[in-house]
Every structure is written in structure tokens, then in C-alpha cells.
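Below is one structure; the comments refer to it alone.
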Amino acid sequence: MNILVINCGSSSLKYQLINIENQSVLASGICDRISLDKSVIKHKANNEKIEKEINMPNHKSAIKIVFEFLTHIEYGVIKSLDDIKAIGHRVVHGGEYFFKSMLITDDVIEKIKTCSDLAPLHNSVNIIGYEACKDLMPNTPMVAVFDTAFHATIPQKAYLYALPYEWYEKYKIRKYGFHGTSHKFVSKKTAEFLGLDINDSKIITCHLGNGSSICAVKNGQSIDTSMGLTPLEGIIMGTRSGDIDPAVIQYIAKKENLSIDEVINILNKKSGVLGISKLSSDFRDLLKADEEGNELARLARAAFAYRVAKYIGSYMAAMNGIDAIAFCAGVGENAVYIRGMIVEHLGFLGVKLNQEVNIKTIGTEAIISTPDSKVKVCVIPTNEELVIAQDTYEIVKNL
Ligand code: ADP
């Protein structure tokens, strides 16, 4: 059975066509700069990469082009759209409505729209992606897989903010957490890889990408995570500030004559390691600049590693112990020196990195701690698309 996975951003659409039986990726790609000039599709199939500038005024036109590529006479991988049995959509925020993946119905869409209030930038484009697919494939079952769902098990003492309780009752203001599909996949894989019983394990998963979050996974369940009501909370990210004193918002709004929306936009898009370094949100650029003696790039890298280590320490306390730490996503899988800087903070616990293995581990599964390290540290590449495809399959297989 082939499942198409769709991940819609405001001006991009990522897709993967997955054969669920053997978990192979038949085709994958991204439509970028949708609704902007020079929109482009980058398509990968049969070990070939095709890149084409095509006008894509909206997401529906992008989906149409994806379908054309998938069924193309030369570089297509399926004969017709009938070979796609279901579509899985990544949906960022499920609020308190959805703590598991759902077959999409009108009622589900209404509730996702209600949650849009909590993630205005994300949920609305996720719905646009769904509607575009539905227009073109009205009879194909579609499933929503929520970034928040894996965190359903976080206890109230951890998800509640110390604010007037009515705010939670009236507006559902609380920690939700994100990257759930990644934390779920990586924690399960880590247990398998290390031969741990997932039902009797304490694992900290560090999803370090452009957006980053950390999760305390006890016995296979999320019990705390660093992102909150929105993805802005937690560790320092590429362009997001992570935790700050909320009073900064009022202070800087007055000083620079900005609205709250403008300040929040800066916290989302111009802060993080980009903000500190004044240079870049990309850790490759920061490493290069640091090596060339750029002090702010060095500071940004150090601040990032320090914050990650602090969260790891606090989640060890939250779980009353730890078996393993797993790194994943763009930075976690590739940035060898950042991993080293993070683990250095944990030496007092007897966590020891095998430097040689760490340096060589780029984008592959590996144990990067020494055999006598008190805690196993590993790199486990994430695969959010596969989780979305598997959840979709589980829901549609008996329809
Ligand atoms: P997202 O899915 O959140 O957009 P990714 O998980 O793809 O992000 O991570 C992207 C980030 O990973 C880049 O911005 C860059 O900082 C980092 N990255 C990717 N490759 C490397 C590398 N070889 N070395 C260091 N950092 C890297």
C-alpha cells in the first residue's frame, strides 16, 4: 500500500510517497516558494533528482504538480493516482481535542480550525494542504497526524503554567509540546537500538534542527517537553529565542515602540543563535565563523549547548534517572562539535563521549558514548514521514 505524506508550510510543501509494506520511499520532494516568484519543485525518485521552476500561485497548484511528477511518464513512480491509497497530513497543533492521529472528517477539520488560534501560522496552511488534496482526490481517505499528540501523557503538574487557573479553564493555556512524531520515533528506535525494554526505560530525546525541542520519555511516554503552548518556548533555536523572562516583551515594546505582535515576530524569526551571533541561524555557518575567530558565533554555539545541557539535567530529575540520551534532526545528527559541547556539561554524571566515534557519526545510527559511560549517548536519525505514514496506515487499513 502506498501512502502519500504531506507536510505543508506557509510557502512550501514537502511530500514523500512511502510503500508501507517495505517502508521504502518511492519518491520525495519539496515545492518551495509557493505563491512567490521563482517557485520550484525539487523531486527525488529512482535515484534521480529533478529540479524545475514552475509557477505555483497556491498550494493547490503545488499539489497538482506533485501529482503530475508522481505519475509522469518518464520519471513517475506510479501509473495513476489510484495507486495512492491514503494521504497522511502533518498537522502542527491538536490542542486538547486530539491526542492521537485522526481520520479527517468535516468535524475534525472544524476542530483543527479551532486550534488554529493556538498555532495561526501552522494549522491554517495544514488545512489548505488537506483541502487542496481533497479537491483533487475526493475519495481518498486522509489522516491528520498531530505534532502535539505524543505529549498527551504529560502530567498536569508539568503542563500547567503557574498562571491564573481560569486561563487554563477558559482558554486552554498550557504546555502542549511539538515534534511529537519525531520524539516518538526516536525514543522507540533508541530503545530497540540499545536493547532496552521501552516499557522500563528513561530516555531523553534531543530533536535539534532549525526548530528544536527536548523530550523526557519515561517507559515510552512523553512526561515533559521543552516547547510549550507554541513552539517558541524551550531551548535556544535557529531563529527562536526559547525561554525568556516574559517581561522582556513589554520592556522592549516600549523602548523600540513595537507592538506585541512585532516583538513576538522578532522572538520567532530574528532571535535564537541568529539573534546572538548577528550572523546566521545555520550551525554550519556558525562553526566556520567561530573557527575564524568570530566571538559572537562562539557565544551563540556555547549558549545553545549550555541550554540543551540544562534541559537534559532537569529531565534527569523529572524522570528520577536516565538510561540514554538520543540526538536527532539536522544539528543533532550532523553537528559533531555541538554534541561534544553538550555532553561536556554532563561529565559530572559520568557521561563520557567516545570522541573518535562522535566525530565520524554524521547522519547515521551510532552509540557515541564510551563503553564505561554511566549513560548511553546515541545518534538516531529521525523519520517523521515514516511515523505519519504508519499512523495513516493503521487508521485506513480496515476502512
Ligand atoms: P527543520 O526540519 O527544523 O527545518 P532540520 O532538522 O533539517 O531543520 O535542521 C536544519 C539545521 O541543521 C540547519 O539549519 C543547520 O543548522 C543544521 N545542520 C544541517 N547539516 C549540518 C551539518 N553538517 N553540520 C552542522 N549543522 C548542520
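The values are calculated or read from the model by the stated rules, or taken from the named source; none is laboratory data. Here the structure is a predicted model, which is why all the values come from computation and not from measurement. Every residue, glycine as well, gets a Cβ built from its backbone with ideal geometry; the counts of neighbours run over all protein chains shown.
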Task: Odd one out for E262 among (1) closer than 28 Å to Y337 by Cβ; (2) out of contact with any Phe, Trp or Tyr (no Cβ under 6 Å at 6 or more places or on another chain); (3) assigned to a helix (DSSP H, G or I); (4) not hydroxyl-bearing (S, T, Y) - done: (1)
TODO: Please give the helices (runs of 4 or more DSSP H) falling wholly within the range 325-374 in which 3 or more residues are at pLDDT 95 or above and more than 16 Å from the ligand (Cβ to nearest atom).
DONE: 355-360
Open item on the list: Among the listed residues E333, E344, E384, identify the single one that is on the phi < 0 side of the Ramachandran plot and in contact with a Pro (Cβ under 7 Å, 6 or more places away or on another chain).
Closed with: E333
TODO: Output the number of the condition that V351 fails; it satisfies all remaining conditions of (1) touching a residue at least 40 places away in the same chain (Cβ under 8 Å); (2) buried (at least 20 other Cβ atoms within 10 Å of the Cβ).
DONE: (1)
- [ ] Select from the range 106-146 the residues that are outside any helix (DSSP H, G or I), at pLDDT below 95 and within 19 Å of P231 (Cβ to Cβ) and list them in ascending order.
- [x] S116, D117, L118, A119
TODO: Please indicate, with yes or no, whether at least one residue in the range 39-59 is part of a helix (DSSP H, G or I) and not polar (S, T, N, Q).
DONE: yes
Task: Residue count, the range 154-190 (criterion: surrounded by 22 or more Cβ atoms within 10 Å (Cβ to Cβ), assigned to a helix (DSSP H, G or I) and not polar (S, T, N, Q)) - done: 5
- [ ] Name the single residue, out of those in the range 300-323 being under 20 Å from the mean Cα position of the chain (by Cα) and of a type in the set (G, A, S), that is farthest from the ligand (Cβ to nearest atom).
- [x] A309
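Restricting the range 196-212 to residues that are within 16 Å of the ligand (Cβ to nearest atom) and in contact with a Phe, Trp or Tyr (Cβ under 7 Å, 6 or more places away or on another chain), which is farthest from R284 (Cα to Cα)?
Filtering the range 196-212 for residues that are within 16 Å of the ligand (Cβ to nearest atom) and in contact with a Phe, Trp or Tyr (Cβ under 7 Å, 6 or more places away or on another chain), the one farthest from R284 (Cα to Cα) comes out as C206.
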Open item on the list: If I ask for residues that are within 13 Å of the ligand (Cβ to nearest atom), more than 21 Å from the chain's Cα centre (by Cα) and in contact (Cβ under 8 Å) with a residue 40 or more places away in the chain, which ones from the range 266-299 would you list?
Closed with: L287
